[in-house]
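The values are calculated or read from the model by the stated rules, or taken from the named source; none is laboratory data. Bear in mind that the values here come from a model prediction, so they are computed numbers and not experimental data. Ideal geometry is used to build each Cβ from the backbone, glycine not excepted, and the neighbour counts take in all protein chains shown. Heavy atoms of the whole protein, side chains included, go into the accessibility calculation; ligands, DNA and RNA do not. Shrake-Rupley method; radii C 1.70, N 1.55, O 1.52, S 1.80 Å.
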Amino acid sequence: MDSFITFYKDPLFSIIIIIAIIVLVAIADYTRNRFKAKKKKVSLEALAKNFDFEADSDTMNIMDISKYPISTLTFIANIYVKNGNFDEAIKIYLTMLDKTKDLKNKMEIFELLGLAYYKAGFMQRAKNIFIEILKNNPRNLEVLSLLMQTYEILGEYKNAYDVISCIEEMEGKMDNVKNYIQILMLINESLMPLKHRESEIVKLNKHSKESNKITLNYLKNNNLKKFWDLILQIEDIYNYIDILWDIPNPPLQRIASHKGICDIYRSKGIIDDDTSCDIFELEVLRVMNKFSSKKGNLIFKYRCSSCQSNYPFESYRCPNCNEFGTMALVLEILEKKDEKNYSLL
Ligand SMILES: [Zn+2]
């Protein structure tokens with residue numbers, strides 16, 4: 001017994017114990033990582049099998065003979081994506097996935113495949129891929145951002161809101177996007193009483209200018225009085241001309257003190273006086289309405305101030321560069337044809 005106690009107190013014994021513990025922890029950690037890597041691989045392979053595809057023979061050949069097949073094929077697929085030929089790009093990525101065994105390479109190809117599906121408009125598939133990538137790498141900011149946008153497009157606003165909260169932890173506050181998503185959640189919340197929903201939307205909108213338009217569009221359809229209350233507080237009306245353009249009976253007394261809003265109805269001939277409009281396109285229409293036999297109309301386009309792309313429909317995120325709140329209204333004058341001159345035959 002004494003000899004055991006002496007051995008127990010021996011510093012060499014403590015060192016042996018510590019080394020044994022370190023070895024055990026290292027083995028446990030190695031086994032756990034191996035198990036996790038295997039699980040990731042199985043789950044990614046299961047996802048890849050969900051997509052029906054016919055292996056691309058050219059891609060298979062390049063995979064077999066090229067020294068750097070992944071960079072070569074990624075380059076080719078990227079050209080297809082840039083030219084809008086998503087089918088070809090997706091076929092290449094799926095064939096690459098089928099032939100690639102390395103987990104890191106697989107993850108990179110999955111990310112490119114997800115992006116190709118996203119750009120091609122296959123949102124459900126893009127969503128599944130982004131979720132799978134994030135299971136393996138939850139701090140992949142680019143994929144988090146794509147997943148948030150995918151949820152937005154799919155109308156899954158609650159999920160989009162949760163993803164924004166994850167991004168905020170890494171990137172800092174994104175209050176304007178959060179407010180916008182919260183307003184969308186409220187608009188689509190069919191169980192909430194209308195009055196309560198409306199006051200919540202107006203309350204949220206006070207904190208961000210980016211959600212002004214979506215709030216105004218909601219009020220225009222649900223509470224015209226509140227619509228005018230809000231729009232009369234906006235000084236520079238240019239970006240809101242499209243919302244105001246098709247209102248048939250504007251409350252002329254209420255808007256009388258707002259020169260910008262009055263100009264819109266001046267250009268349409270609803271307000272008939274000799275005051276000039278400040279915005280060029282409105283003034284052209286006003287003068288035509290008053291003095292010419294030709295009539296004009298406005299058409300609206302939306303231009304991203306970040307990438308300068310033009311779109312016929314408004315969106316709160318640029319479909320090309322994905323920037324939020326960069327779309328600005330562009331006015332164009334078109335000759336108004338007399339519809340009576342056209343025969344339906
Ligand atoms: Zn853009």
Qualifying residue in the stretch 307-314 (condition: open to solvent by 20 Å² or more (accessible area, probe 1.4 Å) and either more than 16 Å from the ligand (Cβ to nearest atom) or touching a Gly at 6+ places or on another chain (Cβ under 9 Å) (or both)): no
Close pairs from the stretch 308-320: first under 12 Å from V330 (Cα atoms), partner within 7 Å of the ligand (Cβ to nearest atom) and open to solvent by 30 Å² or more (accessible area, probe 1.4 Å), Cβ under 6 Å, at least 6 apart: S309/N320
Y302 vs. criteria of a type in the set (S, T, Y), within 16 Å of the ligand (Cβ to nearest atom) and either at pLDDT below 90 or in contact with a Gly (Cβ under 8 Å, 6 or more places away or on another chain) (or both): no
Search result, residues across the stretch 78-107 that are within 17 Å of D64 (Cα to Cα), in contact (Cβ under 8 Å) with a residue 24 or more places away in the chain and part of a helix (DSSP H, G or I): K91, I92, L94, T95, M96, L97, D98, K99, N105, K106
Output for the stretch 101-115, where each listed residue is more than 16 Å from the chain's Cα centre (by Cα) and open to solvent by less than 30 Å² (accessible area, probe 1.4 Å): K106, I109, F110, L113
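Could you tell me whether any residue of the stretch 271-293 is in a strand (DSSP E or B), away from the ligand (no atom under 16 Å from the Cβ) and either more than 30 Å from G121 (Cα to Cα) or more than 26 Å from the chain's Cα centre (by Cα) (or both)?
Scanning the stretch 271-293 turns up no residue that is in a strand (DSSP E or B), away from the ligand (no atom under 16 Å from the Cβ) and either more than 30 Å from G121 (Cα to Cα) or more than 26 Å from the chain's Cα centre (by Cα) (or both).
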Residue check, V330 over 22 Å from Y180 (Cβ atoms) and either open to solvent by 30 Å² or more (accessible area, probe 1.4 Å) or within 16 Å of the ligand (Cβ to nearest atom) (or both): no
Spans of helices (runs of 4 or more DSSP H) in the stretch 194-270 with at least 1 residues closer than 22 Å to N289 by Cα and open to solvent by 20 Å² or more (accessible area, probe 1.4 Å): 241-245, 252-255, 259-267
Tally of residues being surrounded by 21 or more Cβ atoms within 10 Å (Cβ to Cβ), of a type outside the set (G, A, S) and at pLDDT below 95 across the stretch 116-128: 2
Filter result (surrounded by fewer than 16 Cβ atoms within 10 Å (Cβ to Cβ), among the aliphatic types (A, V, I, L, M) and within 18 Å of A126 (Cβ to Cβ)) within the stretch 148-191: L154
All positions within the stretch 237-251 that are more than 13 Å from S267 (Cα to Cα) and of a type in the set (V, I, T): I237, I243, I247
Yes/no for G269 being touching a residue at least 24 places away in the same chain (Cβ under 8 Å) and small (G, A, S): no
